[in-house]
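These notes concern the structure reproduced below.
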Amino acid sequence: MKSSGQTSFLKILVAEDNDVNQQLMRHVLKRLGYEAEVVSNGLEAINAVERTRFDVLFMDVQMPQMDGLEATRRIVGRWNKSNRPEIIALTAGAKEESMDKCFEAGMDGYLTKPVRPDQLQEILLRISTGAGVETEPAPPDPPMPATLEESILERLRQLGLENNPAFFVELLETYIPAMDTHAAMLFQAYTEKNAKKLHYAAHSLKGSSLNIGATSFGSLCETIENDAKSGSVGTLGLVRDQFERELESLRRAVAGVQQRLKKDLNRP
């Protein structure tokens, strides 16, 4: 799905701290006909808006140094609406409480992760034509595939990458070391009883896992994240065995998908 040439002039900024999610947003936007500047936190987003006139800013809500809500409040406070980008929240869920916080901060709309190319294109088309942002509820999830490998491959199809598996292989190669890093951080935070650190690690694992189609593991990470958000680390202790099993299953599934896709790439 590619946008028409008349809309590709939009200047786009993406504020997202997760490497996998950055890579995916950049690729999907490029496939739709757009280039984007990418920054890693809210402070960098403000600095980018100071030096460049962007049309739209896709803002992750939870980031280190400065989160998306605080960055939005500062941008809205410094620039009037005609002189600032449309700010679209990137969230891992569309819970009413979370959405209220986004709109109270001054955001203009939202996209739920994992991002769907058709919804992303619809928002960009509306902005390019001056129609404004009209966020629609995400469509219902498709039936759950029978295996984890099939779930990951279904995400590849959802992204329209059947004919370009090389990028998805590259994305998975980024995902695995990031997954291991954040899993180690998560266990260390549990040992230290550091709920803030645990929350960040679980949030990072959730977002990148959902983006590659690992929905069950992403949901488990969300459960741990929500508990840590309240200041507790107890949930990880209760589900640690399940977490480790799913982590190992995911590692095997990703390796299996990579092997299948690499065979396709090497096929004449």
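The values are calculated or read from the model by the stated rules, or taken from the named source; none is laboratory data. These figures come from a predicted structure and were not determined experimentally. Reconstructed Cβ throughout: ideal geometry from the backbone, glycine too, with neighbour counts over all protein chains shown.
Per this entry, VAL28 is not counted among residues that are over 24 Å from SER204 (Cβ atoms), of a type in the set (A, V, I, L, M) and assigned to a helix (DSSP H, G or I). Of all residues in segment 195-204, at least one satisfies being in contact (Cβ under 8 Å) with a residue 40 or more places away in the chain, surrounded by 23 or more Cβ atoms within 10 Å (Cβ to Cβ) and either under 20 Å from ASP67 (Cα atoms) or touching a Leu at 6+ places or on another chain (Cβ under 8 Å) (or both).
The condition of being crowded, with 16+ Cβ neighbours inside 10 Å, closer than 17 Å to ASP60 by Cβ and among the basic types (Lys, Arg) does not hold for LYS229.
Summed over segment 1-25, residues that are modelled with pLDDT under 90 and not in a helix (DSSP H, G or I) total 6. Scanning segment 219-239 for residues that are touching a residue at least 40 places away in the same chain (Cβ under 8 Å) and assigned to a helix (DSSP H, G or I) turns up GLU222, LEU236, GLY237. For ARG116, the stated conditions do not hold, so it cannot be described as surrounded by 12 or more Cβ atoms within 10 Å (Cβ to Cβ), farther than 30 Å from SER249 by Cβ and either out of contact with any Lys or Arg (no Cβ under 9 Å at 6 or more places or on another chain) or modelled with pLDDT under 85 (or both). For the subset of segment 31-50 comprising residues that are of a type in the set (Asp, Glu) and either over 20 Å from the mean Cα position of the chain (by Cα) or not in a helix (DSSP H, G or I) (or both), which member is surrounded by the most Cβ atoms within 10 Å (Cβ to Cβ)? Looking at residues that are of a type in the set (Asp, Glu) and either over 20 Å from the mean Cα position of the chain (by Cα) or not in a helix (DSSP H, G or I) (or both), I get GLU37.
Annotation note: of TYR190, TYR175, the sole residue that is in contact with a Lys or Arg (Cβ under 9 Å, 6 or more places away or on another chain) and either hydrophobic (A, V, I, L, M, F, W, C) or on the phi < 0 side of the Ramachandran plot (or both) is TYR190.
Based on this model, can you work out whether THR91 counts as at pLDDT below 90 and of a type in the set (Ser, Thr, Tyr)?
On the way: at pLDDT below 90: yes; of a type in the set (Ser, Thr, Tyr): yes.
Against the criterion (at pLDDT below 90 and of a type in the set (Ser, Thr, Tyr)), THR91 qualifies.
Just one of (1) surrounded by fewer than 18 Cβ atoms within 10 Å (Cβ to Cβ); (2) over 20 Å from the mean Cα position of the chain (by Cα) fails for THR181. It is (2). Between SER209, SER216, the distinction of being assigned to a helix (DSSP H, G or I) and crowded, with 22+ Cβ neighbours inside 10 Å belongs to SER209 only.
Here VAL76 does not qualify as surrounded by 19 or more Cβ atoms within 10 Å (Cβ to Cβ) and outside the structural domain of PRO165 (by TED's automatic domain parsing). Residue check: is ARG53 surrounded by fewer than 16 Cβ atoms within 10 Å (Cβ to Cβ) and modelled with pLDDT of 90 or more? So ARG53 fits the description; yes. Put simply, of SER249, SER209 the only residue that is in contact with a Phe, Trp or Tyr (Cβ under 7 Å, 6 or more places away or on another chain), of a type in the set (Gly, Ala, Ser) and touching a residue at least 40 places away in the same chain (Cβ under 8 Å) is SER209. With respect to the conditions (1) of a type in the set (Gly, Ala, Ser); (2) touching a residue at least 12 places away in the same chain (Cβ under 8 Å); (3) in a helix (DSSP H, G or I), GLY160 lacks only one, and its number is (3). If you go through segment 143-180 and keep only what is more than 17 Å from MET25 (Cα to Cα), at pLDDT below 90 and of a type in the set (A, V, I, L, M), you end up with MET144, ALA146.
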